[in-house]
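**Q** The structure that follows is given in the form of structure tokens.
All of the numbers you see were taken from the coordinates with simple rules; none came from a lab. None of these values were measured; they are calculated from a predicted model. Positions of Cβ are generated from backbone atoms using ideal geometry, with glycine treated the same way; all protein chains shown enter the neighbour counts.
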Amino acid sequence: MENKRNEATLNRPEGDRVLDAPYVFVNIPEFILHVVDGKNKVFDMAVVVGKEGHNTMMFTGKLSQIVFSPYWNVPPSIVKKEILPKMKSDQNYLQEQRMEVTGTAGGLPVIRQLPGEKNSLGRVKFLFPNSHSIYLHDTPSKNLFQESKRAFSHGCIRVADPKGLALYLLRDDPAWTEERIAKAMASGKEQYAAVKIPMPVYITYFTAWVDRKGDLNFREDIYNRDTQLANLLIKH
């Protein structure tokens, strides 16, 4: 009975009610992004999620904007723990990484990385406003998608086929052709595109479920959530 509930929840994030509109569904321990339209799976793609200590959070949002050739505004925590030590050991570090200081805040330099092939966000990012500052994005580290366990990020979700995802999200906007999307991704100039009908995004965490074929699936509990749940159940 529990497996059936997991199946419904995994394939339809709002329970047994089938969602009519398309939605994006990421299962963190599976390292997969699913795009679903009603009862039909549109496509899947591999993702990279947050590593231990930088867990990707579970939440829902609505994907409303795509940014081509994005800047990366480096979070203060990364500036403090990672960028500043590298700047002290290598005076050319910022220049080599195509980064620039745009000001100061809280006693730290405000740093952003310019658009381009070295940019940590790759050539496109997908925004769905949330309090966790998490979004989907491209990555220059394509080799990570060959790994079976893909927990390497600082919390955001890296997608294997960002161009394919952009094409799908902008499919109802004739102004955004495949050629224009490719040019925007390679332009080196930040450019925004609005998703006409914002798409629901569900970030979830299932280590066991029954799939659409009726097969039972298990994945590693990478954030030790099952252990925490088991301990709570045992105590009660």
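**Q** So what is the orientation-averaged projected area of the chain, using the convex hull of its C-alpha atoms, in nm²?
**A** For the Cα atoms of the chain, the hull's average projected area reads 15.5 nm².
**Q** Can you pull the Kirkwood radius for the stretch 72-114, inverse mean 1/r over Cα pairs, to one decimal in Å?
**A** Value: 10.2 Å, from the Cα pair sum.
**Q** Using the count of nearby Cβ atoms within 10 Å as a rough guide to exposure, how do 43, 68 rank from fewest to most?
**A** Ordered by Cβ neighbours within 10 Å, fewest first: 43, 68.
**Q** Next up: In nm, what is the difference between 0.36 nm times the number of residues separating residue 88 and residue 141 and their Cα-Cα distance?
**A** 16.6 nm
**Q** Residues with beta-carbon under 14 Å from that of residue 160, excluding residue 160: net charge, scoring Lys, Arg +1 and Asp, Glu -1?
**A** Here the charged neighbours net out to 0.
**Q** Is there a quick way to get the dipole size of the chain? I mean about its Cα centre, with the Cβ of Lys and Arg at +1 and of Asp and Glu at -1; what is the value in debye to the nearest 20?
**A** Charge dipole of the chain: 340 debye, to the nearest 20.
**Q** Which value at 222 nm does the chain reach when only helices count, each DSSP H run of 4 or more adding -39,500 (n - 2.57), with the total divided by all residues and rounded to the nearest 500 deg cm²/dmol?
**A** Helix contribution divided over all residues of the chain: -5500 deg cm²/dmol.
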